[in-house]
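Only one structure is covered here, and it is reproduced in the block below.
The values are calculated or read from the model by the stated rules, or taken from the named source; none is laboratory data. None of these values were measured; they are calculated from a predicted model. Every residue, glycine among them, receives a Cβ derived from its backbone with ideal geometry; neighbour counts consider all protein chains shown. Surface accessibility is based on the protein's heavy atoms, side chains included, excluding ligands, DNA and RNA. Shrake-Rupley method; radii C 1.70, N 1.55, O 1.52, S 1.80 Å.
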Amino acid sequence: MNWMKQLKNQLILIVLLSNTVNAQEVNDTDSIIENLQEIEIVAQRKLVKHSIDKIEYDVNGDNDARTMSVMDILKKVPMVIVDANDEISINGSKDFVIYKNGKPSGLFTKNPKETLNSMPAGLVKRIEVITDPGAQYDAEGVNGILNIIMDERSVIDGVVGTARGIANTVGMYSGTINLTTQMGKVTIDGNYGYNSYGEKQQLTKEEEVVVYKDSGNALLQKDRSIATGGVHNIGLSASWDIDSLNLATISIDGQVMHWEYKSRGNSEMFSSNGEMLYSYDTNYDYPPYNSNFFNVRADFQHKTRLRGEVLSFSYLLSRSGNKMVGNVYYDNKENVPVSYNSMGVSQDAVDWEHTFQADYVRPVANKMNLNVGAKYIMRRNKNETCYKYDDGQNSSSDFEHYSHIAALYGEYSIDINRWQARAGLRYEYSRLGGEYLDGSNPDFHRDLNDLVPTIGV
């Protein structure tokens with residue numbers, strides 16, 4: 001065969017270049033092959049892949065991922081910028097959402113800094129930067145999506161685990177542990193991580209000037225704050241390979257944060273001609289408080305005998321809570337037009353979200369796919385806030401905000417040789433509203449209808 005002749009000729013050339021045989025042995029191909037003890041083929045794995053709507057970074061192919069966090073590996077991903085404070089931006093914008101395995105993840109989106117810093121990059125298969133979300137994605141995420149695809153271990157013998165610890169000179173230390181095991185057709189994965197933040201790392205200084213357009217007055221504010229505390233992350237998931245066509249998965253992710261916050265500031269109001277109108281110092285003192293967040297997700301995926309045809313259903317329950325009590329003291333007051341010198345603040349906020357989704361993908365022809373789906377989201381956020389002043393005045397608010405979002409979408413895609421094309425349309429109906437349970441303001445609501453077309457080549 002031709003390919004065998006080519007291989008023999010290449011082996012002869014390799015042997016000649018390595019001086020393992022002399023030139024007279026070249027005509028004896030069998031002798032040459034016998035002299036070769038081992039052939040090593042070295043290839044460089046491509047880490048970055050481009051497609052019509054996204055950029056993929058192969059975390060599995062990056063050897064540095066074994067000792068890095070996901071936040072560290074993000075600094076290598078094209079179009080993603082992570083600054084010195086671990087603030088993430090995509091394509092120059094901080095208005096984006098984070099997905100996990102193609103589904104919205106409130107845990108990542110609400111607290112990306114703490115969550116991604118505590119997650120070992122070795123648990124991630126690849127990271128997708130979706131710069132041009134198609135019709136299947138929510139309209140609220142059109143500015144960009146960061147999709148983190150977790151690693152899937154097909155066969156596990158016993159228990160596979162990783163442990164990781166980090167400490168630095170500015171008072172931060174963290175540790176994570178991940179364990180995975182397989183029992184027949186059921187794979188169970190659990191992880192726990194903790195991040196501790198000291199005063200040196202959480203010390204911030206801010207200064208800003210606010211100019212009022214109508215009067216020309218300018219408010220100069222300076223602030224120095226320290227936040228200390230820690231973040232616990234925990235996750236547990238189980239997947240069941242029912243058979244070759246059906247897969248069921250359930251997962252629970254949670255986060256508990258405890259903080260102590262202190263701040264000292266100064267405010268000065270100047271008139272348009274530079275005359276100081278009033279000034280005061282502010283001292284914020286908040287005792288330790290906790291906030292928490294958790295996700296419960298259930299997914300079912302069904303494949304048909306037709307290669308590439310998939311029907312999937314999913315449900316997501318998210319809850320976050322934050323309860324805080326603190327005091328604010330005002331010192332060194334000059335011409336301040338208020339009678340009180342201190343204020344007590346208490347806040348209790350709870351957010352709930354339910355998401356139902358169904359997706360269907362079907363190959364229509366060779367390298368052509370049709371993708372349709374439906375989604376419903378129900379959110380309800382409740383916030384109770386109370387202010388108590390030392391002069392006897394009190395004010396409070398008890399407010400609930402709700403939203404119902406229903407969406408239908410369809411998308412057609414083509415992938416032929418080096419050309420890719422797609423076209424899709426998404427319809428979304430939203431009902432947004434607010435309720436003042438204390439009667440301080442009238443309730444309100446609004447209905448919105450949106451059509452979001454997408455097309456790309």
- Task: Report, by residue number, each residue of the range 431-443 that is among the hydrophobic types (A, V, I, L, M, F, W, C) and under 32 Å from the mean Cα position of the chain (by Cα).
- Result: L432
- Please verify whether the range 68-88 includes one or more residues that are modelled with pLDDT of 85 or more and more than 20 Å from the chain's Cα centre (by Cα). no
- Query: In the range 63-92, what residues are under 30 Å from A135 (Cβ atoms), open to solvent by 40 Å² or more (accessible area, probe 1.4 Å) and outside any loop (DSSP other than H, G, I, E, B)?
  - Reply: I81
- Message: Suppose we filter N191, N233, N168 for residues that are touching a helix residue (DSSP H, G or I) at 6+ places or on another chain (Cβ under 8 Å), at pLDDT below 90 and open to solvent by 40 Å² or more (accessible area, probe 1.4 Å); which single one remains?
- Response: N191
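Yes/no matrix, rows are residues, columns are (1) open to solvent by 30 Å² or more (accessible area, probe 1.4 Å); (2) within 30 Å of M378 (Cβ to Cβ); (3) modelled with pLDDT of 85 or more; (4) touching a Leu at 6+ places or on another chain (Cβ under 7 Å):
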| site | (1), (2), (3), (4) |
| --- | --- |
| D138 | no, yes, no, no |
| D157 | yes, no, no, no |
| N178 | no, no, no, yes |
| E199 | yes, no, no, no |
- Query: Given the structure, is K367 open to solvent by 60 Å² or more (accessible area, probe 1.4 Å) and either in contact (Cβ under 8 Å) with a residue 12 or more places away in the chain or in contact with a helix residue (DSSP H, G or I) (Cβ under 9 Å, 6 or more places away or on another chain) (or both)?
  - Reply: yes
- Residue ID - farthest from the chain's Cα centre (by Cα), chosen from residues in the range 278-296 that are open to solvent by less than 30 Å² (accessible area, probe 1.4 Å) and farther than 28 Å from K333 by Cβ: S291
- Message: I'd like to know if the range 335-353 contains one or more residues that are within 27 Å of F108 (Cβ to Cβ), touching a residue at least 12 places away in the same chain (Cβ under 8 Å) and touching a Phe, Trp or Tyr at 6+ places or on another chain (Cβ under 9 Å).
- Response: yes
- Give the number of residues within the range 299-334 that are free of Cβ contacts under 8 Å to residues at least 60 places away in the same chain, assigned to a strand (DSSP E or B) and open to solvent by less than 40 Å² (accessible area, probe 1.4 Å). 6
